[in-house]
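> Please read through the structure below; I'll follow up with questions.
The values are calculated or read from the model by the stated rules, or taken from the named source; none is laboratory data. None of these values were measured; they are calculated from a predicted model. Virtual Cβ from ideal backbone geometry, glycine too; neighbours counted across all protein chains shown. With ligands, DNA and RNA removed, areas are computed over all heavy atoms of the protein, side chains included. Shrake-Rupley method; radii C 1.70, N 1.55, O 1.52, S 1.80 Å.
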Amino acid sequence: MNKIFIGICLAAGSIICSCHQFKNKELIDVRYELANNDKQLIWNLNDGKYSYLIQYHYNSKKNENQLSDEDSIQIVDSITTADEKPITNNYKIKHHYKALANEVTKNEVEFVDLIVSNELHYYYAQPKNFTMPYEINISDNFMVKANIEAGKNFPLEISETDYAGGYNFKLEPKDVMLYRMIQAKLSKESIKTDTILDFRIGHQIVIDNNIIINNPKSVYENKEISSIIMFTDYIILKYIPELQPEKFIYPIHTKRKPVTPE
């Protein structure tokens, strides 16, 4: 009888472990690092199929199922004449990522409505790289409305983009879980109204229609606030290239309005 009981317990334990492992595979692995040179947070996400790099000036998406703790870069180390070949060297950049899931969960904040406006990013649209000015609204039922600004109306006369227009979609379960985790790790102290009235570039955050955060130090150096930007940049990078835009913009209320595509 004891042997049967032990066998049942082992079987149940095996099922629980298998379910736990499966559940973990369903979670998005999120890691972050504070870059020493510019004091800005770098985020690296893996959803089981793609790896996403989210940072201040540049976002990218790679078709690989692992996060890299080391990147290779090539730098020209000497300036030469026209008759000489430049000397280049390959360098390894070692990252020191920390897992967001390991951070203490506070459970102090829950959004009913989130709006993020990204005006600073320039157009850089390629299959694996997607960095554009946007407005995005995530409601309490995890429905998303987003506007991508028309490129020809952007400063420096950057050409029109096929992505310009309005989008409407629902977050996938994995992304809902990540969104909830980010909110749970925010403290009430971190969510407060900034006093900058004329902040023309960069990200702006509107939470539940009455709290606006647009201080660059809060947005780009504070891990709690930066995680909100990381999430909306990630959503834009993941969903928009796979969808067809409507040739209008949604009434998302921020301090600026994107131009309606023609």
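> Within the stretch 241-260, is there a residue that is modelled with pLDDT under 85, in a helix (DSSP H, G or I) and either among the hydrophobic types (A, V, I, L, M, F, W, C) or open to solvent by 10 Å² or more (accessible area, probe 1.4 Å) (or both)?
Looking through the stretch 241-260, none of the residues is modelled with pLDDT under 85, in a helix (DSSP H, G or I) and either among the hydrophobic types (A, V, I, L, M, F, W, C) or open to solvent by 10 Å² or more (accessible area, probe 1.4 Å) (or both).
> Take the residues of the stretch 34-68 that are assigned to a loop (DSSP other than H, G, I, E, B) and in contact with a Lys or Arg (Cβ under 8 Å, 6 or more places away or on another chain): which is modelled with the lowest pLDDT? Walk me through it before giving the result.
Kept after step one, since they are assigned to a loop (DSSP other than H, G, I, E, B), are these residues of the stretch 34-68: 35-40, 47-50, 55-58, 63-68.
Next, from what is left, pick out any that are in contact with a Lys or Arg (Cβ under 8 Å, 6 or more places away or on another chain): 47-48, 50, 63, 65, 67.
Numbers: ASP47: 88, GLY48: 85, TYR50: 89, ASN63: 76, ASN65: 62, LEU67: 57.
My answer is LEU67.
> Ok, one more. Identify all residues within the stretch 101-143 that are in contact with a Lys or Arg (Cβ under 7 Å, 6 or more places away or on another chain) and either assigned to a loop (DSSP other than H, G, I, E, B) or at pLDDT 90 or above (or both); write none if there are none.
Within the stretch 101-143, GLU103, THR105, LYS106, GLU108, VAL109, GLU119, LYS128, ASN137, PHE142, MET143 meet the criteria.
> Filter the stretch 184-203 for residues that are open to solvent by 10 Å² or more (accessible area, probe 1.4 Å) and either touching a strand residue (DSSP E or B) at 6+ places or on another chain (Cβ under 8 Å) or in a helix (DSSP H, G or I) (or both); which is modelled with the lowest pLDDT? So that I can check it myself, show each step before the final result.
Filtering the stretch 184-203 for residues open to solvent by 10 Å² or more (accessible area, probe 1.4 Å) gives 184-185, 187-201.
Pick out the ones that are also either touching a strand residue (DSSP E or B) at 6+ places or on another chain (Cβ under 8 Å) or in a helix (DSSP H, G or I) (or both) and you get 184, 188-194.
Working: ALA184: 94, LYS188: 87, GLU189: 84, SER190: 83, ILE191: 83, LYS192: 77, THR193: 76, ASP194: 71.
Restricting to residues being open to solvent by 10 Å² or more (accessible area, probe 1.4 Å) and either touching a strand residue (DSSP E or B) at 6+ places or on another chain (Cβ under 8 Å) or in a helix (DSSP H, G or I) (or both), the top hit is ASP194.
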